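Notes for the one structure printed next.
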Amino acid sequence: MEITTALTADILVIGFGKGGKTAARVLADAGRRVVLIEQSANMYGGTCPNVGCVPTKMLVHYATTKRLQDDAQQFFAQSVAGVRALTSAFRAGNFEALNGKDTATVITGTARFLDPHTVAVGEGRDLITVTAPTILVNTGSEPVIPPIPGLADSSHLVSSTELTQTQNLPERLVVLGGGYLGLEFAGIYRHFGTEVTVLEAADRLLPREDEDIAEAVQEILTGDGIRIITGAKVTEVRDNGAVSTAVYDKDGRTHTVEASALLPATGRRPVTDGLHLDAAGVHTAPNGAIVVDEYLRSSQPHIYALGDVNGGEQFTYISLDDARIVLDQLLGEGKRITGDRRAVPHTLFITPPLATVGLTESQARAQGLNITVAREKVADIVAMPRAYTVEETRGVMKFIVDSDTDLILGAALLSIDAQEIINTVALAMRHHITATQLRDSIYTHPSSTEALNEVFDKVLP
Ligand SMILES: Cc1cc2nc3c(=O)[nH]c(=O)nc-3n(C[C@H](O)[C@H](O)[C@H](O)COP(=O)(O)OP(=O)(O)OC[C@H]3O[C@@H](n4cnc5c(N)ncnc54)[C@H](O)[C@@H]3O)c2cc1C
C-alpha cells in the first residue's frame with residue numbers, strides 16, 4: 001500500500017457533528033493537535049445546520065409567513081433560496097471556526113479504520129492516514145427506508161434533505177410516519193400550499209404523549225388541512241408516471257392515496273457501515289449503533305462515540321451534552337456521565353410547537369404517584385395576552401405536579417413559544433423549584449412564560 005500522507009494527532013474526530021466539532025474546538029483551544037475528518041464539503045457543521053434543525057425551522061418560519069395572495073411555487077422557491085444562503089453561511093463559519101485554528105486541521109473525505117489507532121481517507125496516491133491515541137466517532141444517523149414493496153425504487157421517493165433543497169413545491173406529499181420529523185414536514189409543506197397526507201401505522205399520533213395532548217395536536221394539524229390517517233399499514237407503492245400510489249390497509253380494507261412526493265419518516269439509524277469498526281475492535285448493536293458505556297467509551301476505551309451514532313436520543317443538544325461528557329474525560333475530572341441527565345425537554349416544531357418534559361399524566365398515574373394536573377387551553381389563559389398579540393391562541397398547557405412535594409413531574413405545552421417556556425420548566429425540575437415558586441415568580445409582560453402565573457393557580461392551594 002502506497003501511503004502519500006501519514007499524519008499523527010493527539011485527537012482524531014470522525015464526522016463534523018455537534019458533539020465532534022464542539023469537542024474538537026475545545027481540545028484545539030487547549031493546545032491538543034486535532035484532526036477532524038468530514039466526508040462531505042456540504043456537511044461542515046454536520047446535519048443540524050446543513051440539512052436538519054436549521055433548514056427545517058427556517059422553513060417552518062417562512063411557511064407561516066406566506067400570505068394568501070403569494071404564488072405558492074414562487075414563495076417556496078424564494079424560501080428555499082433563503083435557507084440555502086443561511087446554511088452556506090453557517091457551513092463556512094463552522095469550517096473556519098475549526099480549520100482556522102493553528103492546532104486543528106479539517107480533512108474532507110470518508111474515514112475508515114485500519115486498526116484501533118489508525119484511520120484512512122482516500123485510496124492509492126491520495127491515501128491519507130491519521131494515527132491518534134484518542135479517537136471520537138461522531139458520524140450521525142441516516143434515514144431508514146421501510147421495506148415496503150416499490151418504495152425504495154419509486155421515482156417519487158424523497159428524503160428530508162431533498163425536500164428542504166428542492167426548488168419545486170410538491171403538489172401532493174405523502175408522509176409515511178407521524179413522528180417528529182413526519183409531522184414537522186407535514187406542517188411545513190401544508191403551510192406552503194401542498195396537499196399533505198400523513199399515514200401512521202399506530203392507532204393514534206404521538207403514542208408516548210397523553211391522549212388529550214395527541215388529540216389537540218391532531219385537531220390543529222387537521223384544522224390546517226393536513227389529512228392524517230392513523231392505523232394505516234402501507235403495503236405497497238406503485239409508480240404511475242407523474243404520481244405514485246401508496247396502498248395501505250386500514251380497518252381490514254385496502255385504500256390508496258396518490259403522491260407526487262413520498263417521504264419516509266419512520267426513523268433514522270446510526271451511520272457505521274463504512275467505518276470498518278471491526279478493524280478497530282469496536283462493538284456495535286444490531287441497529288449499527290456503537291455500544292458505549294455511561295462515559296461514552298466504546299469497547300475500545302480510547303475510542304468514544306458521540307451523538308446519534310451511539311444510539312442515544314437523536315437531538316443536537318444531546319450530541320452537545322455528549323461532548324461535555326467526553327471533554328470531562330479528556331480535560332476534566334472524568335465524573336460526568338449520561339445518567340446525570342435529568343428533565344431533558346423535547347420540541348416538535350409544528351405550529352404552534354409542542355414541547356414536553358418529564359412524565360406524562362398517564363405515566364405518573366401508572367407509577368401510582370399522587371398527582372395534581374394543571375391544564376388550561378391557551379385561548380383561556382388570561383395572564384398570557386402574548387398569544388392574542390401574535391394571533392396564535394391555539395393549543396393547551398398541561399403540568400403534572402407531585403401533590404405531596406409540590407415538585408413538577410412533567411409538562412406538555414402545545415403553545416406559541418413552547419420551545420422556550422419548556423426550558424424554564426425543565427430548569428425548575430432539575431433544581432427542585434416548586435410549582436408554587438414558578439406560579440409566584442415575576443415574568444416579563446407580555447410573554448408566554450406568564451402562563452405559569454395562571455395555570456398553576458387553578459389547582460394549587
Ligand atoms: C430534518 C431533521 C430535522 C431535525 N431537527 C432537529 C431539531 O429541531 N432539534 C434537534 O435537536 N435535533 C433535530 N434533528 C436531529 C439532529 O439534527 C441530530 O440529532 C444531530 O444533528 C446529530 O448530530 P451528530 O452530532 O450525531 O452528527 P451529525 O451532525 O449527523 O454529523 C455527522 C457527520 O459525520 C459525517 N460522516 C458520516 N460518516 C463519515 C465517515 N465515514 N467519515 C467522515 N465523515 C463522516 C457526516 O457527513 C456528517 O456531517 C433533526 C434531524 C433531521 C434529519
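Past 22 Å, Cα to Cα: identify those pairs from Lys18/Lys101; Lys250/Lys377; Lys18/Lys57; Lys66/Lys398, in the order given. Numbers along the way, then the final one.
Details: Lys18/Lys101 18 Å; Lys250/Lys377 32 Å; Lys18/Lys57 17 Å; Lys66/Lys398 30 Å.
The pairs that break the limit, which is 22 Å between Cα atoms, are Lys250/Lys377; Lys66/Lys398.
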* Asked: If you take the beta carbon distance between Glu333 and Glu420 as r and set R0 to 41 Å, what does 1/(1 + (r/R0)^6) give as a FRET efficiency, to the nearest 0.05?
  -> 0.80
* Contact order relative to length of region 193-265, as percent, for alpha carbon pairs under 8 angstrom and 6 or more apart -> 26 percent
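If packing is taken as the average count of other Cβ atoms within 10 Å, what order do 346-354, 132-140 fall into, highest mean first? Spell out each step's value before the answer.
Working: 346-354: 21.6, 132-140: 25.1.
Ranking, from highest mean packing down: 132-140, 346-354.
Assign unit charges at the C-beta atoms only (+1 for Lys and Arg, -1 for Asp and Glu), then state the dipole size of region 17-81 relative to its Cα centre in Debye, rounded to the nearest 20. If you can, show how the numbers build up before the last one.
Values: 8 positive and 4 negative charges, 64 e Å.
Result for region 17-81 is approximately 300 debye, rounded to the nearest 20.
I'd like the FRET efficiency for Glu96 and Thr444, computed as 1/(1 + (r/R0)^6) with the beta carbon distance as r and R0 of 41 Å, rounded to 0.05.
In this case the efficiency is close to 0.70.
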* Asked: By average Cβ neighbour count within 10 Å, what is the ranking of 407-416, 391-400, 39-48, 273-282 from highest down?
  -> 407-416, 391-400, 39-48, 273-282
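Highest mean first, how do 88-99, 355-366 rank when packing is the count of other Cβ atoms within 10 Å averaged over residues?
Numbers: 88-99: 16.0, 355-366: 19.6.
Ranking, from highest mean packing down: 355-366, 88-99.
Does region 422-461 come out rounded, prolate or oblate by the C-alpha gyration tensor, with a ≥ b ≥ c the root eigenvalues, rounded set by a/c under 1.5 and, if not, prolate when a/b is larger than b/c and oblate if not?
Taking the square roots of the gyration eigenvalues as a ≥ b ≥ c, region 422-461 is oblate.
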* To do: Would you check the accessible area of Thr245, probe 1.4 Å, heavy atoms only, in square angstrom rounded to 10?
  => 10 Å²
* Using +1 at the Cβ of each Lys and Arg and -1 at the Cβ of each Asp and Glu in the chain, identify which of Leu36, Thr4, Ala246 lies farthest towards the dipole's positive end. => Thr4
* Which far-off residues, 5 or more places away or on another chain, put their amide H under 5 Å from the one on Thr266, with H placed in the peptide plane? -> Val144
* At a probe size of 1.4 Å, how large is the accessible area of Lys250, to the nearest 10 Å²? -> 50 Å²
* Debye log10 I(q)/I(0) for the chain, one point scatterer per Cα, at q = 0.08, 0.14 Å⁻¹ -> -0.54, -1.38
* Structure fact -> For the chain, the helices passing both cut-offs (Cα extent along own axis of 15 Å or more, Kyte-Doolittle mean at least 0.0, full DSSP H runs) are 53-64, 72-99, 180-192, 211-223, 316-330, 418-430
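Please compute the length gained on full extension between Ala152 and Asp115, using 0.36 nm multiplied by the number of residues separating them and subtracting their Cα-Cα distance. Before the final figure, lay out each step's value.
Numbers: separation 37, 0.36 × 37 = 13.32 nm, distance 3.45 nm.
Roughly 9.9 nm would be gained on extension.
Only bridges with both residues in the chain count here: give the DSSP antiparallel percent, nearest 5.
Working: 49 of 83 bridges.
Taking every DSSP beta bridge within the chain, about 60 percent pair in antiparallel fashion.
The values are calculated or read from the model by the stated rules, or taken from the named source; none is laboratory data. In this text, all values refer to a predicted model and were calculated from it rather than measured experimentally. Reconstructed Cβ throughout: ideal geometry from the backbone, glycine too, with neighbour counts over all protein chains shown. Please note that ligands, DNA and RNA were not included when accessible areas were found on the heavy atoms of the full protein model with its side chains. Shrake-Rupley method; radii C 1.70, N 1.55, O 1.52, S 1.80 Å.
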